[in-house]
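The structure under discussion appears below in the form of structure tokens.
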Amino acid sequence: MIMDGNGRWAAKRGLPRLAGHRAGTENLRRIIRASVEFGVKYLTIYAFSTENWHRPKEEVDGLMNILEDVIDRELDELNREGVQLRHIGHLERLAPTLQEKVQYAIELTRNNSRLILNIAFNYGGRDEIVCAIQRILRDGIQPDEVTPELVDRYMFTAGTPDPDLIIRTSGEMRVSNFLIWQGAYAELFVTPVYWPDFDREEYFKALVEYGRRDRRYGRVSSSDLCE
Ligand code: IPE
Ligand code: IPE
Ligand code: MG
């Protein structure tokens, strides 16, 4: 889920950008509940990219505070509902207290399995690939041992299936460095709706549309083979 359009949602209402981020966070709660209800097993939310550091300091600080607040406010309930939290990206650059909170949340929910909620925070797909290459070299892996399956195991998402569907709100037709390795064959769904307004109905529409797609993976359509 590329949660985009918080800033424009706020601007449209004459509010500061951070008010848009707060509204977006409120919406996240709805979408997590809907995911459980729809039977989604893995949900990865793009909350802060490696490029988002280039925003004004006030906004970056605000986004960090929001993540901390969300963990404080929502963790117990998410845990009760059987949600397992994971993180992809780099924690190192975050404040030590925030790092501890994220790690605590991961630890607390590690045995839950109803929904795996993967939080991409300080995440970038290119950064992930660079890190994987560095670790592959450090581990002394030989060139002919490098296969797609091995690379998968060196990604932050090791052990998580590739995304079937990538949803982007706010109408932008790009993936902005999100899961660029794992999303090679993901279906894309772009809606003009801004993230704070992306509700259960809109989410459901995306899933219905996904159900109509013909995923060919480079082959010919299965219906062409039936003649
Ligand atoms: C998405 O909303 C949230 C983050 C990137 C953190 P934006 O802040 O990008 O909102 P727009 O794209 O400016 O409307
Ligand atoms: C993508 O949104 C990142 C997140 C949703 C966290 P951006 O708003 O940062 O993407 P660009 O700049 O429009 O590509
Ligand atoms: Mg944006």
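The values are calculated or read from the model by the stated rules, or taken from the named source; none is laboratory data. Just so it is clear, the structure is predicted and the values come from calculations on it, not from any experiment. Because the Cβ atoms are built from the backbone with ideal geometry, glycine has one as well, and the counts that use them run over all protein chains shown.
List of remarks:
- In the stretch 161-184, the qualifying residues are those that are hydrophobic (A, V, I, L, M, F, W, C) and touching a Lys or Arg at 6+ places or on another chain (Cβ under 9 Å), and the one that is farthest from ligand 1 (Cβ to nearest atom) is Leu165.
Conditions (1) of a type in the set (D, E, K, R); (2) more than 13 Å from ligand 2 (Cβ to nearest atom); (3) in a helix (DSSP H, G or I), marked per residue:
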residue	(1), (2), (3)
Ile45	no, no, no
Glu58	yes, yes, yes
Gly62	no, yes, yes
Arg73	yes, yes, yes
Gln84	no, yes, no
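- Of all residues in the stretch 114-131, those that are surrounded by 18 or more Cβ atoms within 10 Å (Cβ to Cβ) and either part of a helix (DSSP H, G or I) or on the phi < 0 side of the Ramachandran plot (or both) total 11.
- For Pro196, the test of being more than 16 Å from ligand 1 (Cβ to nearest atom) and either loosely packed, with under 15 Cβ neighbours inside 10 Å or not aromatic (Phe, Trp, Tyr) (or both) is failed.
- Cβ-Cβ under 6 Å pairs, at least 6 apart or on other chains, the stretch 196-212 side farther than 22 Å from Gly7 by Cβ, far side assigned to a helix (DSSP H, G or I) and of a type in the set (A, V, I, L, M, F, W, C): Arg200/Ala34
- For the stretch 1-32, a residue qualifies if it is within 18 Å of the chain's Cα centre (by Cα) and without any contact (Cβ under 8 Å) to a residue 60 or more places away in the chain, and the qualifying residues are His21, Arg22, Thr25, Leu28, Arg29.
- Taken over the stretch 46-68, the criterion of being out of contact with any helix residue (DSSP H, G or I) (no Cβ under 8 Å at 6 or more places or on another chain) and either closer than 28 Å to Asn112 by Cα or surrounded by 17 or more Cβ atoms within 10 Å (Cβ to Cβ) (or both) is satisfied by Tyr46, Ser49, Asn65.
- Qualifying residue in the stretch 80-90 (condition: away from ligand 3 (no atom under 16 Å from the Cβ), in contact with a strand residue (DSSP E or B) (Cβ under 9 Å, 6 or more places away or on another chain), of a type in the set (Gly, Ala, Ser) and under 18 Å from Gly183 (Cα atoms)): yes
- So Lys41, is it without any contact (Cβ under 8 Å) to a residue 40 or more places away in the chain and either over 21 Å from Asp197 (Cβ atoms) or crowded, with 18+ Cβ neighbours inside 10 Å (or both): no
Quick grid of which residues meet (1) surrounded by 14 or more Cβ atoms within 10 Å (Cβ to Cβ); (2) of a type outside the set (D, E, K, R); (3) part of a loop (DSSP other than H, G, I, E, B):
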| position | (1), (2), (3) |
| --- | --- |
| Gly171 | no, yes, yes |
| Val175 | yes, yes, yes |
| Gly183 | yes, yes, yes |
| Glu202 | yes, no, no |
| Ala206 | yes, yes, no |
| Tyr210 | yes, yes, no |
| Arg219 | no, no, yes |
| Ser223 | no, yes, no |
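- Taking the conditions (1) within 23 Å of Ser35 (Cα to Cα); (2) surrounded by fewer than 13 Cβ atoms within 10 Å (Cβ to Cβ); (3) of a type in the set (S, T, N, Q) in turn, Gln134 satisfies each one other than (1).
- The number of residues in the stretch 3-41 that are within 16 Å of ligand 2 (Cβ to nearest atom) and either modelled with pLDDT under 95 or in contact with a Cys (Cβ under 8 Å, 6 or more places away or on another chain) (or both) comes to 0.
- Any hit, the stretch 154-165, residues being assigned to a helix (DSSP H, G or I) and more than 16 Å from ligand 3 (Cβ to nearest atom): yes
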